[in-house]
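The values are calculated or read from the model by the stated rules, or taken from the named source; none is laboratory data. This one's a predicted model, so the numbers in the text were calculated from it and none came from an experiment. As a convention, Cβ positions derive from the backbone with ideal geometry for all residues, glycine included, and neighbour counts pool all protein chains shown.
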Amino acid sequence: MHDAVSILNHIFGYPEFRGQQQEIVEQVAHGGHALVLMPTGGGKSLCYQIPALLRDGVAIVVSPLIALMQDQVATLQELGVAAACLNSATSQDEARDISRQARAGTLDLLYVAPERLLTPRFQEFIASLKIALFAIDEAHCVSHWGHDFRPEYQQLGMLAEQFPHVPRIALTATADEQTRLDIIHYLKLSEARVFLSSFDRPNLFYQVVEKHNAKKQLLDFIRQEHQGATGIVYCLSRKRVEDTAQWLRENGIEALAYHAGMSHAEREANQRLFLREDGIVMVATVAFGMGIDKPDVRFVAHIDMPKSPENFYQESGRAGRDGLPSASWLCYGLNDVVQLRQMIEGGEMAELQKQVELSKLDAMLAFCETAGCRRQHILAHFGEASKPCGHCDNCLHPPITYDATEPVRKLLSCIYRVGQRFPTGHVIDVLLGRQNPSIGHHRHDQLSTYGIGKDMNQRWWRSIVRQLVARQLVQVDIARGQSLVLTDACRPLLKGEQSIYLRPLADEKKSRGSGGAD
Ligand code: ADP
Ligand code: ZN
């Protein structure tokens with residue numbers, strides 16, 4: 001009879017367990033339930049794969065993504081493990097063959113999509129089998145709070161009633177409190193042992209910059225710090241992916257593109273090249289990366305702001321899986337926030353879901369705007385207390401803040417004077433005393449706030465606006481042409497009862513008073 005360690009050594013080829021893997025394996029192998037919260041790349045798969053081999057019968061693994069399943073099954077088969085998957089791409093013949101193996105007891109792991117698992121036909125089928133365990137991967141899909149809600153996941157709780165004696169293990173890399181509670185609730189895991197790993201990635205160094213010319217900033221970052229290195233660049237839109245990949249290639253960087261609008265064959269080819277060769281920069285939408293396991297990715301760059309801290313953490317976590325120093329670089333601007341808000345508010349989600357997404361967006365912006373340690377900030381988001389890391393941009397170069405009370409008051413009163421009905425660009429033009437047709441038309445050159453902000457340039461003003469938005473002193477009203485609107489929180493400032501400290505622009509000397517190219 002094999003034990004866990006010998007399976008780890010001889011089948012998977014690893015000398016020892018990592019982190020809490022062994023405890024988790026033992027818990028499930030002995031028939032207990034488990035909830036595993038472990039960051040991406042932490043090694044969740046072994047936590048159910050080894051118990052699957054230790055226990056009699058077939059392990060049923062629920063996984064939301066076909067590509068992910070196929071990867072895992074292929075890897076297992078290469079190791080000589082009897083694994084298969086059933087999904088919409090499986091032919092009838094294959095499916096029949098798989099059922100036969102399962103009945104004969106020669107299959108160790110069977111991966112299925114949740115929809116499939118829930119069909120009466122599949123339920124009937126597995127009721128006749130000896131089942132080793134149920135593993136529910138990407139368990140955050142059960143929660144509205146997760147970044148990838150799938151309604152089918154909520155029905156998986158019925159496994160607890162149908163198969164009360166079969167151990168269940170739920171796994172996810174999303175650890176916030178709310179998601180955790182939802183997983184326990186919907187998957188009926190109140191008796192499960194919870195294994196919470198640290199989300200710290202000590203070899204990842206975070207860096208956040210304000211956007212003025214994202215593509216150029218990206219190129220400088222790659223040239224200065226990662227020339228010739230393998231990296232991933234995340235963009236918000238397909239068009240942006242194409243533009244950026246082309247721009248990098250024109251500038252001598254070996255870059256490929258990946259987004260859902262490309263043909264399947266093209267995507268596959270680019271992904272294969274990226275995995276096989278060294279020094280390729282993959283420019284992609286978030287469609288790229290689930291299940292991609294390339295250990296030596298040296299940097300992950302976001303040239304647009306991700307929509308939530310969870311997305312950011314997952315995506316940037318694809319760097320440095322080999323444990324060597326790696327960079328997470330993020331370039332963000334107020335327009336990103338506005339665009340993301342628009343996508344959320346204009347989307348087809350339920351109202352509650354929109355509120356959730358908006359609050360995640362605010363949390364993301366707060367990460368960008370923090371003057372404290374980035375790592376500490378992101379870990380705190382996942383409920384983990386830590387000390388300043390000493391390696392992120394803010395730790396290395398603590399941002400100086402300045403007393404911005406006076407310019408902020410000017411800005412707030414200007415927003416008020418234009419009736420809270422104009423977007424950032426217009427308000428700043430008024431502050432700078434510029435002329436444009438809209439200013440002329442609305443006679444905003446007659447306002448008392450016209451030209452009172454000439455001592456600062458446009459970039460300064462934009463930075464101030466962004467920081468006020470991050471602090472919820474000002475809102476961008478998307479329904480009304482992205483007008484800047486004051487919130488109640490800014491009243492004490494306007495009344496002169498409060499002062500406020502903000503971060504200056506990173507390259508203060510260059511831009512202050514230089515006329516403000518944006
Ligand atoms: P997750 O699902 O948590 O993102 P995976 O299960 O895909 O992580 O594992 C990430 C990588 O770590 C894989 O390449 C896996 O083979 C490797 N790995 C997992 N456990 C160990 C271990 N005990 N020793 C060495 N490598 C491991
Ligand atoms: Zn730090």
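Some points to look at:
- Scope segment 368-387; condition within 12 Å of ligand 2 (Cβ to nearest atom) and closer than 18 Å to Ile500 by Cβ; matching residues: Thr370, Ala371, Gly372
- Residue list for segment 406-435, restricted to those being over 34 Å from the mean Cα position of the chain (by Cα) and part of a helix (DSSP H, G or I): Glu406, Pro407, Arg409, Lys410, Ser413, Cys414, Tyr416, Arg417, Asp429, Val430, Leu431, Leu432
- Leu330 aliphatic (A, V, I, L, M) and closer than 19 Å to Ser237 by Cβ: yes
- Criterion violated by Glu138 - all others in (1) under 25 Å from Glu78 (Cα atoms); (2) among the charged types (D, E, K, R); (3) surrounded by fewer than 20 Cβ atoms within 10 Å (Cβ to Cβ) satisfied: (3)
- Residue check for Arg249: free of Cβ contacts under 8 Å to residues at least 12 places away in the same chain and either farther than 30 Å from Gln21 by Cβ or in contact with a strand residue (DSSP E or B) (Cβ under 6 Å, 6 or more places away or on another chain) (or both): yes
- First in segment 368-385 and within 13 Å of Glu177 (Cα to Cα) and in a loop (DSSP other than H, G, I, E, B), second anywhere and within 16 Å of ligand 1 (Cβ to nearest atom) and of a type in the set (S, T, N, Q), Cβ under 8 Å, 6 or more apart: Glu384/Ser198
- For Arg193: the one exception among (1) at pLDDT 90 or above; (2) in contact with a Leu (Cβ under 6 Å, 6 or more places away or on another chain): (2)
- Hits in segment 145-199 (condition: polar (S, T, N, Q) and outside any helix (DSSP H, G or I)): Thr172, Thr174, Ser190, Ser197, Ser198
- The single condition from (1) crowded, with 22+ Cβ neighbours inside 10 Å; (2) touching an Asp or Glu at 6+ places or on another chain (Cβ under 7 Å); (3) more than 23 Å from Gln178 (Cα to Cα) that Ile303 fails is (2).
- Subset of segment 368-409 (residues that are within 30 Å of Thr449 (Cα to Cα), of a type in the set (Asp, Glu) and either surrounded by 17 or more Cβ atoms within 10 Å (Cβ to Cβ) or within 16 Å of ligand 1 (Cβ to nearest atom) (or both)): Glu369
- Hey, Gln342 within 24 Å of the chain's Cα centre (by Cα), surrounded by 15 or more Cβ atoms within 10 Å (Cβ to Cβ) and either at pLDDT below 95 or away from ligand 1 (no atom under 16 Å from the Cβ) (or both) or not: no
- Any hit, segment 265-277, residues being buried (at least 23 other Cβ atoms within 10 Å of the Cβ), farther than 30 Å from Pro423 by Cα, in contact with a strand residue (DSSP E or B) (Cβ under 6 Å, 6 or more places away or on another chain) and among the polar types (S, T, N, Q): no
- Only one of Ala52, Ala74 that is of a type in the set (A, V, I, L, M, F, W, C) and either crowded, with 18+ Cβ neighbours inside 10 Å or at pLDDT 95 or above (or both): Ala52
- Once segment 388-405 is narrowed to residues that are touching a Ser or Thr at 6+ places or on another chain (Cβ under 8 Å) and not in a strand (DSSP E or B), the residue that is farthest from ligand 2 (Cβ to nearest atom) is Thr405.
- Within segment 98-115, restricting attention to residues that are of a type outside the set (Val, Ile, Thr) and in a helix (DSSP H, G or I), the residue that is surrounded by the most Cβ atoms within 10 Å (Cβ to Cβ) is Ala102.
- Taking segment 413-438 as the range and being among the charged types (D, E, K, R) and either under 9 Å from Ser483 (Cβ atoms) or touching a Ser or Thr at 6+ places or on another chain (Cβ under 6 Å) (or both) as the test, the residues that pass are Arg417, Arg421.
- Filtered residues of segment 123-144 (kept if out of contact with any strand residue (DSSP E or B) (no Cβ under 7 Å at 6 or more places or on another chain), farther than 30 Å from Ala363 by Cβ and assigned to a helix (DSSP H, G or I)): Gln123, Glu124, Phe125, Ala127
- Applying the condition of being touching a residue at least 40 places away in the same chain (Cβ under 8 Å) and not β-branched (Val, Ile, Thr) to segment 14-29 and asking which residue is nearest to ligand 1 (Cβ to nearest atom) yields Gly19.
- Residue among Thr90, Thr40 that alone is within 10 Å of ligand 1 (Cβ to nearest atom) and among the β-branched types (Val, Ile, Thr): Thr40
- Arg341 satisfies every condition listed in (1) in contact (Cβ under 8 Å) with a residue 24 or more places away in the chain; (2) assigned to a loop (DSSP other than H, G, I, E, B) except (2).
- Filtered residues of segment 43-58 (kept if within 9 Å of ligand 1 (Cβ to nearest atom) and over 20 Å from Leu187 (Cβ atoms)): Gly43, Leu46
To keep it simple, each residue is scored yes or no on (1) under 30 Å from Arg459 (Cβ atoms); (2) in contact with a strand residue (DSSP E or B) (Cβ under 9 Å, 6 or more places away or on another chain).
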residue	(1), (2)
Val283	yes, yes
Pro309	yes, no
Arg318	no, yes
Arg321	no, no
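- Matching option when the condition is farther than 19 Å from Gln376 by Cα, free of Cβ contacts under 8 Å to residues at least 12 places away in the same chain, more than 16 Å from ligand 2 (Cβ to nearest atom) and touching a helix residue (DSSP H, G or I) at 6+ places or on another chain (Cβ under 8 Å), among Met349, Met290: Met349
- For Lys130: the one exception among (1) in contact with a Gly (Cβ under 8 Å, 6 or more places away or on another chain); (2) more than 26 Å from Ala59 (Cβ to Cβ); (3) surrounded by fewer than 16 Cβ atoms within 10 Å (Cβ to Cβ): (2)
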